[in-house]
Amino acid sequence: MSVENSSTAKPLNLLQRPRRLRRTATLRRMVRETTLTVDDLIYPMFVMEGEGQKVEITSMPGCYRYSLDLLLKEIAEVSQLGIPAIALFPVISENKKDDIGAESYNPDGLVQQTVKAIKQTVPGIVVITDVALDPFTTHGHDGLVDENGTILNDPTVEVLVKMALSQAAAGTDFVAPSDMMDGRIGAIRQALDAEGYINVGILAYSAKYASAYYGPFRDALDSAPKFGDKKTYQMDAANAKEAIKEVELDIAEGADIVMVKPALAYLDIIHQVRQATQLPVAAYNVSGEYAMIKAAAQMGWINEKQVILESLTSMKRAGADLILTYFAKEVALMLL
Ligand code: PBG
């Protein structure tokens with residue numbers, strides 16, 4: 001006899017008892033509104049020069065900078081796990097950096113070579129390449145800087161266009177401008193089309209906030225800005241309407257997928273962007289979000305797996321179709 005029936009108390013006269021649908025795991029599975037699958041995941045990966053190199057990123061335990069040979073092995077494994085896409089970020093040695101990020105559009109640069117090699121060895125995986133100057137500039141900003149320290153918009157867009165074209169020539173599937181300059185999506189779309197790369201897509205970092213959650217990523221790339229901050233191009237954390245404005249502009253300029261970044265502190269923005277467009281919406285579960293979970297888990301203060309799944313599920317529930325996450329491999333293994 002169940003506890004409910006053995007109670008001497010008279011049952012409440014309730015027409016609705018929501019707990020009925022939570023009674024067993026099977027019932028909960030039947031009425032679950034949101035599912036996280038491996039198909040939703042994009043794995044950001046770091047490539048460095050050299051051979052036989054795999055260097056753990058101190059502030060991102062479990063994430064590595066790989067030289068190309070080892071990166072290819074890792075990508076084969078990622079693909080085996082069913083993860084459909086990777087987002088590639090280069091670690092550029094100091095001697096290749098300059099004021100204008102010229103290495104970014106070198107046809108034989110690290111990113112370009114890596115994309116070609118991936119397309120030869122793991123052709124099925126979708127390759128997304130970052131378009132922004134910060135890994136390539138001595139000053140660490142995403143754009144060109146004048147003598148007063150102002151980040152120049154239109155001259156930067158010219159360089160970004162060259163960078164995107166060189167990535168398209170190498171065989172990338174999507175270029176992903178993460179720089180937040182005005183008008184770059186339109187300029188890149190026009191240039192890609194003019195050069196015949198009509199099938200190269202654009203994943204636009206549309207609502208990218210000036211966020212302290214990027215700290216560990218900047219460690220990974222040694223790309224922290226040497227002066228000032230990114231607040232004149234990345235968005236103010238307090239703004240939501242502006243996110244919709246940015247999304248609308250990027251769509252008008254030719255974006256295929258729009259993104260909100262970071263994710264967890266911006267679930268409301270993900271939700272609003274979801275309402276504002278029929279395009280796929282991506283969310284970037286950034287380095288700081290990863291580091292916080294890893295750190296708390298290492299201290300034994302949280303259940304790591306459950307917190308990861310709960311966090312990513314909340315991003316999907318908010319409206320994200322795709323999630324860029326350093327947890328991609330771990331999640332794929334959990335969902336197997
Ligand atoms: C730079 C870029 C950043 C990230 C992706 N591309 C950092 C920044 O804007 O300073 C952050 C990713 C992360 O924190 O995981 N164009």
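The values are calculated or read from the model by the stated rules, or taken from the named source; none is laboratory data. The model shown is predicted, which means the values in this text are computed figures rather than measured ones. No Cβ is skipped: glycine too gets one built from the backbone with ideal geometry, and neighbour counts run over all protein chains shown. Only protein heavy atoms, including side chains, enter the accessible area calculation; ligands, DNA and RNA are left aside. Shrake-Rupley method; radii C 1.70, N 1.55, O 1.52, S 1.80 Å.
Can we say Y205 is in contact (Cβ under 8 Å) with a residue 24 or more places away in the chain, in a helix (DSSP H, G or I) and closer than 30 Å to Y64 by Cα? When the stated conditions are applied, Y205 does not pass them.
Note on region 256-272: residues that are under 26 Å from A191 (Cβ atoms), away from the ligand (no atom under 15 Å from the Cβ) and open to solvent by 10 Å² or more (accessible area, probe 1.4 Å) amount to 2.
Right, L68: closer than 14 Å to A117 by Cα, open to solvent by 10 Å² or more (accessible area, probe 1.4 Å) and not β-branched (V, I, T) or not? Yes, satisfied. The number of residues in region 84-100 being aliphatic (A, V, I, L, M), open to solvent by less than 40 Å² (accessible area, probe 1.4 Å) and farther than 16 Å from F174 by Cα comes to 2.
Would you confirm whether any residue within region 273-280 is without any contact (Cβ under 8 Å) to a residue 12 or more places away in the chain, closer than 25 Å to V200 by Cβ and surrounded by fewer than 19 Cβ atoms within 10 Å (Cβ to Cβ)? Within region 273-280, one or more residues are without any contact (Cβ under 8 Å) to a residue 12 or more places away in the chain, closer than 25 Å to V200 by Cβ and surrounded by fewer than 19 Cβ atoms within 10 Å (Cβ to Cβ). For region 282-297, state whether one or more residues are in a loop (DSSP other than H, G, I, E, B), open to solvent by 10 Å² or more (accessible area, probe 1.4 Å) and either at pLDDT 95 or above or over 16 Å from F217 (Cβ atoms) (or both). The answer is no; no qualifying residue exists.
Taking the listed residues Q234, Q306, the one that is within 16 Å of the ligand (Cβ to nearest atom), of a type in the set (S, T, N, Q) and under 30 Å from E56 (Cα atoms) is Q234, with no other qualifying. Considering region 130-157 alone, what residues qualify as being touching a Leu at 6+ places or on another chain (Cβ under 9 Å) and among the acidic types (D, E)? D130, D134, D142, D146 - these are the residues of region 130-157 that are touching a Leu at 6+ places or on another chain (Cβ under 9 Å) and among the acidic types (D, E). Residues in region 48-58: is at least one within 16 Å of the ligand (Cβ to nearest atom), open to solvent by 100 Å² or more (accessible area, probe 1.4 Å) and in contact (Cβ under 8 Å) with a residue 12 or more places away in the chain? Looking for residues that are within 16 Å of the ligand (Cβ to nearest atom), open to solvent by 100 Å² or more (accessible area, probe 1.4 Å) and in contact (Cβ under 8 Å) with a residue 12 or more places away in the chain, one finds at least one in region 48-58, hence yes. Taken across region 68-84, residues that are within 26 Å of G288 (Cβ to Cβ) and small (G, A, S) do not occur at all. Could you tell me whether any residue of region 237-253 is in a loop (DSSP other than H, G, I, E, B), out of contact with any His (no Cβ under 7 Å at 6 or more places or on another chain) and open to solvent by less than 20 Å² (accessible area, probe 1.4 Å)? No. Per the conditions (1) out of contact with any helix residue (DSSP H, G or I) (no Cβ under 8 Å at 6 or more places or on another chain); (2) in a helix (DSSP H, G or I); (3) crowded, with 17+ Cβ neighbours inside 10 Å, the sole criterion not satisfied by S314 is (1).
The residues listed here are M45, M60, M30; of these, the one that is touching a helix residue (DSSP H, G or I) at 6+ places or on another chain (Cβ under 9 Å) and more than 22 Å from A220 (Cα to Cα) is M30. The residue that is most open to solvent (accessible area, probe 1.4 Å), among those in region 101-159 that are out of contact with any Phe, Trp or Tyr (no Cβ under 9 Å at 6 or more places or on another chain) and of a type in the set (G, A, S), is G124. Residues considered: E289, E304, E248. Of these, the only one that is under 25 Å from N199 (Cα atoms) and acidic (D, E) is E248.
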